[in-house]
Each structure stands twice: as C-alpha cells, then as structure tokens.
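The values are calculated or read from the model by the stated rules, or taken from the named source; none is laboratory data. All values reported here derive from a predicted model rather than from experimental measurement. Glycine also receives a Cβ, built like all others from the backbone with ideal geometry; neighbour counts cover every protein chain displayed. Just so you know, the surface numbers come from the protein's heavy atoms only, side chains and all, with ligands and any DNA or RNA stripped out. Shrake-Rupley method; radii C 1.70, N 1.55, O 1.52, S 1.80 Å.
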Amino acid sequence: MSGVVVAPGRSAGGAAARARWGRGLHRAAPVLLALVLVGAWQAVVVVAEVPAYLLPSPLAILGELVDFLPTIASAALVTGTNALVGLVLGSVVAIAAAVLASAVRTVDALLNPVVAGLAVVPIVALAPVLYTMYGASVETGRQIVVAVAVAVPVFVTTLRGLRQVRPVHRDLMRAYAATPRQAIRAVTIPTALPFVFTGLRLASSLAVISAIVAEYFGGPRSGIGSFITTAAAGSNYARAWAYVLGGVVVGLLFYGATTALERWGTPGARR
C-alpha cells in the first residue's frame, strides 16, 4: 500500500503558524481600520473641498500636532492629573458608600436619592459654582467635578457586586463556622471585584471627559479643554482638533490602565 505520510510535527507546526498569523491579524485589524478611516477622511476633505471650520484634514491636524506637541503634552498632563485625582477620590468615596449601603439598609435608603441626584447634575452648572467656591486659579473645582461624575457608576456597580453573593454561599460559610471577616474575604470580595473593576473601567473614560468639559467653563487656562476653546475661538480649527487628539490619547491611557488593573486584580479576566 503506497501513500504520502505527513509528519505530525509538520502538521502541528503549520497549525501553530496559522494560529500566530490569526492572532497577529486580530491585533492589527483595529490599526488597519483606523488607517482606512483616516485615508477616507483625507480623501473626502480634499475631493469635496470641505471647509476647515467644518472638518479639517488629517494632514492639517497632524501638522498642528507636531508644531504644538510640547504645549499639547503639557495640557494633557494637567488634564490627566485632574482626571486621576478625581477618579481616585470619587472611587474611594463611592466604594466606601457602597459597602455601607450593602451592610445597612437605612444607609442604602438614604443614599439612593443622593446617587440619583448626582447622576443628573450637569457639569456645565456645577463647574462655575465650584470655581466660585474654591477659586478660579486652582484645579480643585475641576477635580471635584470629576469625582462627582465618576462616583455614580462606581457606586452602582460596586453595590450590585456586593449583592451578588448567593444565600447558599453565605450558609456554607456559616456551616464552616467562618467569622464575618473570613466570609467577606473568601466570598464577598471575590464576587464583587469584577463589578468594581467594571465600574472603574467605565469611570476612567468618564473622568477624562469630565475634566475636559470642566475646563470649558473657567479656571486656569492650562488643560486640554481650555486650549480647545481658545483655538476654536481663534478659528484655528486644525489646532483645536490636535488638542482633541491629545485628549483622546489621555482617555485611551486611562482606559488601558484600568483594563490592565482589572486583568491583574481578577484572575478570571486574564486571557
């Protein structure tokens, strides 16, 4: 009987190569899509002769980005610092409040309307008030705006996570004669952590957006939002878009950092 015998090693090696190629393509797909979209954007602006005040070309934005890179980086650092301070402050307060609300029903009943009210507070109204209270020459007002904005999603997701522990698990811990501290460490915290990190991931992008929007309405002229308004008011639309791009980079860094923190803190999220 004759035939061609394929070596197992060669078949396995080919499968491994195809798997690596597939992973590489999966990772490169977003970059390729972004390049295609930017190319289409440039083509539309050039062919249709779109005015700059409606939509600047990517090349014009790139030119402004290169020319003003030090200023954009400095402004991004200010906005990022405000977003980080507000994110940490709001998250700590929200997590502590969620723990109290999950343990004491009275606290839960008292916090529900407060959280509902914070969820609908407009930043455009809150920022000027805080500038009046804390002064328009400091960043405190912007940091509080961020803290208020991020507290709501972190509180809601954390409280939901703390309430996900099943009664059978609590009964099992009682059967093992576990202390309340041991039950919290073994059951409650592992169950709630994915929800906490989800809230932080959502809040990270919201923190950057809130910091930028708060900069539109006064305060020191040092952040991304302040420079966007200044450039737009001077009809430097490509420059304004360059500052917007700086804000996008800050938002991506925050989102990436919280995603990495989630993967590190929750083993089930690691891939």
* **Percent carbon-and-sulfur accessible area, the range 26-114, ignoring ligands, DNA and RNA, probe 1.4 Å** => 77
* Asked: When ligands, DNA and RNA are left out and all protein chains stay put, how many square angstrom of accessible area per residue does the range 186-271 have with a 1.4 Å probe?
  -> 48
* Could you list the residues of the range 60-103 with an amide nitrogen less than 18 Å from a label point located 7 Å from the Cα of VAL50 in the Cα-to-C-beta direction? => 60-65
* Full extension from ALA260 to LEU69: what is 0.36 nm times the residue separation minus their Cα-Cα distance, to one decimal in nm? -> 66.1 nm
* **Of all accessible heavy-atom area on the range 205-271, the percent that carbon and sulfur account for (1.4 Å)** => 69
* Asked: Based on the mean of other beta carbon atoms within 10 Å per residue, what is the order of 101-108, 127-134, 209-216, most packed first?
  -> 209-216, 127-134, 101-108
* Among the chymotrypsin sites (Phe, Trp or Tyr not before Pro) within the range 23-98, which fall in a DSSP loop and have no more than 11 other Cβ atoms within 10 Å of their own Cβ? -> TYR53
* For the range 48-120, what is the largest minus smallest coordinate of the Cα atoms on each principal axis, given in angstrom and ordered from greatest to least? -> 61, 30, 13
